[in-house]
Each structure stands twice: as C-alpha cells, then as structure tokens.
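Here the structure is laid out as structure tokens; the discussion comes afterwards.
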Amino acid sequence: MMKTTQQPNTLNVNDFDFELPEELIAQTPLLDRTSSRLLVMNKESGKTEHKHFRDIIDYLHEGDTLVLNDTRVLPARLMGVKEDTGANIELLLLKQIEDDVWETLVKPAKKVKVGTVVSFGEGLLRAECTGILDHGGRHFKMIYDGIFYEILDQLGEMPLPPYIREKLEDQDRYQTVFAKERGSAAAPTAGLHFTDELLKKIEEKGVNIAFITLHVGLGTFRPVSVESIEDHEMHAEFYRINKETAELINNTKAQGGRVISVGTTSTRTLESVANKFGGELKEDSGWTDIFIFPGYDFKAIDGLITNFHLPKSTLVMLVSALSNRDNILNAYNEAVNERYRFFSFGDAMFIEPQKKETHHD
C-alpha cells in the first residue's frame, strides 16, 4: 500500500502536555543507581513492561552498540560577595569564552556592572565583570593562583535543575560513573543509572559501548514559550564524536545491530552528525541546535534509554518523534499512575526497537 505524504498539521506545544503531580518529581537520588525503576516500551506497538534498571541487560543484544555521553558537570554555582559593598552575589558559569573569561548568569544581576569584582572563598577566587550581554548574562574574568578547576571543585556547587529543591549530599551523584570531559552545566541524567559493574556485565554480553561528548547547557531546562513548536529556537551545545565511535556505529548498522542511545544528549549528537554527513557518522565536533520533534526521520539511533521529562518540553517532543505521541503520552500516564519518579533523579524508560533480522545472501 502506498503511503501518501501530506503536510503535517502544525504541532502545538499543548499537544505534549500531561498531568504530573508535584510529589512525583524526585528530589534526591537513590542510593543504588541501578535500583531505579525502568519502564520498557516497544517503539512500534507502545506495549509496556515494568522492570528495574538493572534488568536493562535483558533487553540489550549481542552486536548492539550502547552510546553514552561522557561529559562531566562543572560545580558551576559559586556564592560570593561584592568586594566594594559586601553584597551577596551568586554566579553560574555557563561556558568558557577564552582562557579565564566565562559567560555567566548572575543573581542579582542589577548589582553587577562592568568593573565589579566578586570574591569567593575569602579571596581564593576573584572574578571581575568585563562585559554585559544582551540577554542579561555577564562575562567575568577569573583571577586566582593555582589550577582553576581545583579551586572550582573546592568552592563550587552542582547547578541542580530549578525543580530540585533539596540539597545534594554527595556531589558525585549528579555525575555519571563515566563522566570525563569537563564542561556541562547539567548532567546527562539517563546515564546516572549505570554503575561500572552493570556496564561490565553489558560488555560481557557482547554489547559494544561507545562514548560521545555533548556539554549540556542550561537551555535544556528552557520552556517552550511559543505555541507552534516549529517556531521554538534551541540553544546551541558543543559536541564531539571521535573516529572510533563513528566507525563502531557505522559497523553496527552495517552488521544489523541496533544503536541504543543513552539520553537525549547522545541522541542529538548522533543525529546532528548523521544529518551533516548524509546518514553516515564521521569524526566531528562543533555546535548543534538540532530540534527533534514528530515527523523527524532518525538516521543514527534505533532505541533510546531516557528519563521522564517535563510536560510540554522539547525532550518529550524528541521521545515522541522516536515512537509516536500517543504511545509516549500513554506510557507517561501509566508511569504517573504507577508512581514512577520523574526528571533528573527519577526513574528511566527504554524505548525498545525491534530486534533486527540479519539477512544473509
């Protein structure tokens, strides 16, 4: 039967809304990373199963490739005082512009003019405002002795998402166990469920493990403020994929294996690169502002391990594109009824693709 291609109706942001009781927003991480719950949903049929995260191994097959984001979250929230008045200032580091100059968000911003100096840790770190940006952000030049990242580890706090109000006792619980490349303002949270032990078992089963890097920006939490989602503009984030990962994924696809992305950040990286090189993956780095919503044709990934996302968010739109909106919203409503934990420290979902049939000539 021939499919007719018709112009998709404009998607409205309210098409991705669902009821979420506030008490289901996880405020603290579980002690054992793998004990989170796991909702497994068949990508095609929408059929669901309820498991625990450690059971993910039963759904991964020999020859599959699991792609993880190895970005490391910076303890980017700094509390300091203005040197001239002693007023409290909160600084959030967003990205490094050049050696010691950072783009930041400041609270309260109106107190910070060009030339303002803020002191942290009784002068262990000082920062001078060198520029004011259009959106209200500031450029700061950091002044210190020693190694900047060591001082940041000492003075900074994890920049937890706005919906988490509990203090994080163990900073490492907002890092994946494979976090390596410094630069994120937020964790790639789907990766938080893995332990070294679970990854070792997955490898022993014959599943390949590959890494990409995408530094998650705070724009990840930015709500969609336009009605028609095609009008939403994504923030750009820096990504890198090495030759080894690109070749491994190309070979997996050529041999009939499945590419399972861990997190929407890994997905956006792989799809950005595949779009750039006509469906193939190559070594590459750069900035991506790809926005994936229903109607998108996936070129790199087959399945996705992800957390549960905010209503009306770009992330719910992305997961809906991989399956379909009805399947995802049905699964989300089921998760709400079953009291799953939502968002960064919450439970996980696996959008499971069909096992590929290998054809021999």
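What the table shows:
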{"read-out": "Residues of the range 273-283 that turn out to be assigned to a helix (DSSP H, G or I) and in contact with an Asp or Glu (Cβ under 8 Å, 6 or more places away or on another chain), as a count", "value": "3"}
{"read-out": "Selection count, the range 212-266, where residues are surrounded by 15 or more Cβ atoms within 10 Å (Cβ to Cβ) and among the basic types (Lys, Arg)", "value": "3"}
{"read-out": "Qualifying position, being outside the structural domain of LEU20 (by the TED database) and closer than 30 Å to GLU23 by Cβ, among PRO108, PRO161", "value": "PRO161"}
{"read-out": "Any hit, the range 43-54, residues being assigned to a loop (DSSP other than H, G, I, E, B), open to solvent by less than 30 Å² (accessible area, probe 1.4 Å), modelled with pLDDT of 95 or more and on the phi < 0 side of the Ramachandran plot", "value": "no"}
{"read-out": "Residue check, ILE249 in the same structural domain as ALA185 (by the TED database) and assigned to a loop (DSSP other than H, G, I, E, B)", "value": "no"}
{"read-out": "Test result for ASP302, under 16 Å from GLY263 (Cβ atoms), open to solvent by less than 40 Å² (accessible area, probe 1.4 Å) and of a type in the set (D, E, K, R)", "value": "yes"}
{"read-out": "Of all residues making up the range 321-361, the number that are out of contact with any Ser or Thr (no Cβ under 9 Å at 6 or more places or on another chain), within 15 Å of ILE305 (Cα to Cα) and at pLDDT below 95", "value": "1"}
{"read-out": "Sole residue being open to solvent by 40 Å² or more (accessible area, probe 1.4 Å), farther than 22 Å from HIS309 by Cα and part of a loop (DSSP other than H, G, I, E, B), chosen from HIS139, HIS135", "value": "HIS135"}
{"read-out": "Looking only at the range 305-328, and only at residues there that are under 15 Å from ALA190 (Cβ atoms) and not in a helix (DSSP H, G or I), the one that is most open to solvent (accessible area, probe 1.4 Å)", "value": "LEU310"}
{"read-out": "Some residue of the range 106-118 being at pLDDT 95 or above and outside any loop (DSSP other than H, G, I, E, B)", "value": "yes"}
{"read-out": "Selected residue [in a strand (DSSP E or B) and either of a type in the set (D, E, K, R) or buried (at least 20 other Cβ atoms within 10 Å of the Cβ) (or both)] from GLU150, GLU122, GLU128, GLU62", "value": "GLU128"}
{"read-out": "Looking only at the range 158-204, and only at residues there that are under 20 Å from GLU103 (Cβ atoms) and either open to solvent by 70 Å² or more (accessible area, probe 1.4 Å) or part of a helix (DSSP H, G or I) (or both), the one that is modelled with the lowest pLDDT", "value": "PRO162"}
{"read-out": "Residues satisfying the stated conditions in the range 102-116, i.e. among the β-branched types (Val, Ile, Thr) and crowded, with 16+ Cβ neighbours inside 10 Å", "value": "THR104, VAL106, VAL112, THR116"}
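Condition check ((1) part of a helix (DSSP H, G or I); (2) at pLDDT 95 or above; (3) under 20 Å from the mean Cα position of the chain (by Cα)) across all residues:
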| site | (1), (2), (3) |
| --- | --- |
| GLY257 | no, yes, no |
| THR267 | yes, yes, yes |
| GLU271 | yes, yes, yes |
| PHE298 | no, yes, yes |
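The values are calculated or read from the model by the stated rules, or taken from the named source; none is laboratory data. Note that the structure is a prediction, hence the values are computed from the model and not measured. All Cβ positions, even for glycine, are placed from backbone atoms using ideal geometry, and neighbour counts span all protein chains on display. We work out accessible area using only protein heavy atoms, side chains counted, and drop any ligands, DNA or RNA first. Shrake-Rupley method; radii C 1.70, N 1.55, O 1.52, S 1.80 Å.
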